[in-house]
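Below is one structure, written out as structure tokens; the observations come after it.
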Amino acid sequence: MRAELLRACVIGAGSSGIAACQVLAERGIPFDCFEAGSQVGGNWRYLNDNGMSSAYRSLHINTSKSVMEYASYPMPDHYPNYPNHFQIAQYFDDYVDHFGLRERITFGTKVTSVDPAGSGWQVTTQDRAGTSRTTRYGAVLVANGHHWDPRYPEPAFPGTFDGEQTHAHFYKLPEPYRGKRVLVLGIGNSAADIAVETSSVADRTFLAMRRGAHVVPKYLLGQPFDKLAKTPLSRFPLAAQRLLLRATLRIAQGRMTAYGLPEPDHRVLSAHPTVSADLLNRLGHGDITVKPNIERLDGDKVQFADGSIERIDAIIYCTGYRISFPFLPASVISAQDNRIGLYRRVVDPDHPGLYFLALVQPLGATMPIAEAQAAWVADLIDGTAALPSRARMRREIESYQRRTARRYVTSKRHTIQVDFMTHLREIQSERRRGRRRAPATSADPISADPISGEPISGGTSS
């Protein structure tokens, strides 16, 4: 058994990376974790010096703490139902200190390349002094997140614009928009938050969108709305879930058209919902003006799809993010149009030992998902479980992609969509099946690749 093949590399110390560190440490699997910034927390660390945080100053979580917290470390009782990003960052700090993980994370060091190297992986890192180092690992856990590489409209809108154009990724405070005429493009969570916030200081805020959305409140009957995700409702057939949720939203809020929003062209749960406690009120108060999609840019004016024209000083594009892995060669993995084929959303069937954590868009939170996925990956690394054949993994990937295409609105936003509890149950079921597949003598996690005959971590079997 070669020692380097037993060591794992965790890329990133955000919410998913630190969950991986906790699981690996608990299982006694040696690992290195590299974080480009100087602190843990990733996207939730406001003004993170790794340059990858999309958090704005007023940001609060959109999933309640009981849904978001790690199973191994609940959030403090004194936290509100929807903590702000400062509280979440503190929670992550407490998490890594509680489990003694901080000294095991190499900060200020980014991963510049990850390349296949025989039966393992060659990982090159660079610290802030410019010093590079290459190390060989048996497994690589990618936890670099998917909300850091901003995607602008593609193709770009025709014409030119004289004012400011930026992406939600770079939005931090509303003050720069005081007295301006602001156009927010999008109808996701960030678009709703930014439109609400700028409407309090701007001369006028416009909210433009290609299609309507189902806006979900944070509270219903005094309880966090997303607690439904952890009730028996999550086991109901999709049609029943849709019927119940549609009726509940209709009673609580009425039709979206009553607030000036376009009628959604899709059913509830056929797109990622927009969670906002304030958007509908601001629309009802007339503080935000709804517009259809942009048709053309014309100097200091914007023409919309309905033919209307407005003078605009600044455009904020809330148009999502690209899934990207700058350290992985395209020959290893591609996420063109945000599509990536992974078994159970984690395992690359063609590259043993390469795993992706929390590369999902759940109707819920990613933290418990990353924790559960990391536990499965640990099973594969230490030989507790084994994977099915490549052919079976590819069939599962194709089935998932077909189901996703049938259920969700066609969009780059929905290529990695999962249901929170359904995916957690899927991972637990996969772990049980993996244990049955594992050979009786699994003390040595290095087994033979069924095609090449070379040793791999967490071998495949039929």
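The values are calculated or read from the model by the stated rules, or taken from the named source; none is laboratory data. As the structure is a computational prediction, the values presented were derived from the model and not from experiment. With ideal geometry, Cβ positions are generated from the backbone for all residues, glycine too; neighbour counts draw on all protein chains shown. The protein model used for the area step is the full one, side chains on, heavy atoms only, and it has no ligands, DNA or RNA in it. Shrake-Rupley method; radii C 1.70, N 1.55, O 1.52, S 1.80 Å.
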For helix 15-27, report the angle its Cα long axis makes with the longest principal axis of the Cα atoms of the chain; keep it between 0 and 90° and round to the nearest 10°.
20
Can you give me the Cα centroid spacing of the range 11-90 and the range 221-264 in angstrom?
28
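Show me 277-287, 257-267, 355-365 ranked by packing, highest mean number of other Cβ atoms within 10 Å first. Each step should come with its number before you reach the end.
Details: 277-287: 16.6, 257-267: 14.6, 355-365: 24.7.
Descending mean neighbour count gives 355-365, 277-287, 257-267.
Could you work out the relative contact order of the range 177-295? I mean the mean sequence separation of Cα pairs under 8 Å and 6+ apart, divided by the number of residues, in percent. Can you show the working numbers first?
Values: 168 pairs, mean separation 45.3, N = 119.
Relative contact order, the range 177-295: 38 percent.
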Relative contact order (%) - the range 374-434, alpha-carbon pairs under 8 angstrom, separation at least six:
53
Cα-centred dipole magnitude for the chain, charges only on beta-carbon of K, R (+1) and D, E (-1), debye, nearest 20:
1540
I want the local charge near residue 100. Using Cβ-Cβ distances under 14 Å, sum +1 for each Lys or Arg and -1 for each Asp or Glu among the other residues.
-3
Restricting to the chain, what percent of DSSP beta bridges are antiparallel, rounded to 5?
45
SASA check, residue 32, accessible area w/ 1.4 Å probe, all protein chains in place, rounded to nearest 10 Å², comes out at 40
Student exercise: in the chain, how many lysine pairs 8 or more apart or on different chains have Cα atoms under 30 Å apart?
25
Quick tally, 1.4 Å probe accessible area for 318, 21, sorted with the most first, runs 318, 21
Out of residues 5 or more away from residue 165 or on other chains, whose amide H comes under 5 Å of its own, with H placed 1.01 Å from N in the peptide plane?
315
Once the mean of 1/r over all distinct C-alpha pairs in the range 331-416 is inverted, the Kirkwood radius in Å reads 13.8
Please report the accessible area of residue 306 (heavy atoms, 1.4 Å probe, ligands and nucleic acids excluded) in Å², nearest 10.
100
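Given +1 on the Cβ of Lys and Arg, -1 on the Cβ of Asp and Glu, and no further charges, what dipole in debye does the range 341-398 carry about its Cα centre, rounded to the nearest 20? Display every interim value, and only then the final one.
Values: 6 positive and 7 negative charges, 46 e Å.
For this selection, approximately 220 debye.
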Accessible carbon and sulfur surface of the chain relative to its total accessible area, %, 1.4 Å:
51
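Report, in debye and to the nearest 20, how large the dipole of the range 251-364 comes out about its Cα centre when Lys and Arg carry +1 and Asp and Glu carry -1 on their Cβ.
That gives the range 251-364 a dipole magnitude of about 340 debye.
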Of 51, 21, 304, which is farthest on the positive side of the dipole of the chain, counting Cα position, with +1 on Lys and Arg Cβ, -1 on Asp and Glu Cβ, and the Cα centre as origin?
304
Kirkwood Rh, angstrom, the range 1-110 [1 / mean 1/r, Cα pairs]:
14.5
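Per residue, how large is the accessible surface of the chain? Use a 1.4 angstrom probe and give square angstrom.
Working: 19620 Å² over 462 residues.
Dividing the accessible area of the chain by its residue count gives 42 Å².
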Rounded to the nearest 10 Å², what accessible area does residue 164 have for a 1.4 Å probe in the complete protein model?
70
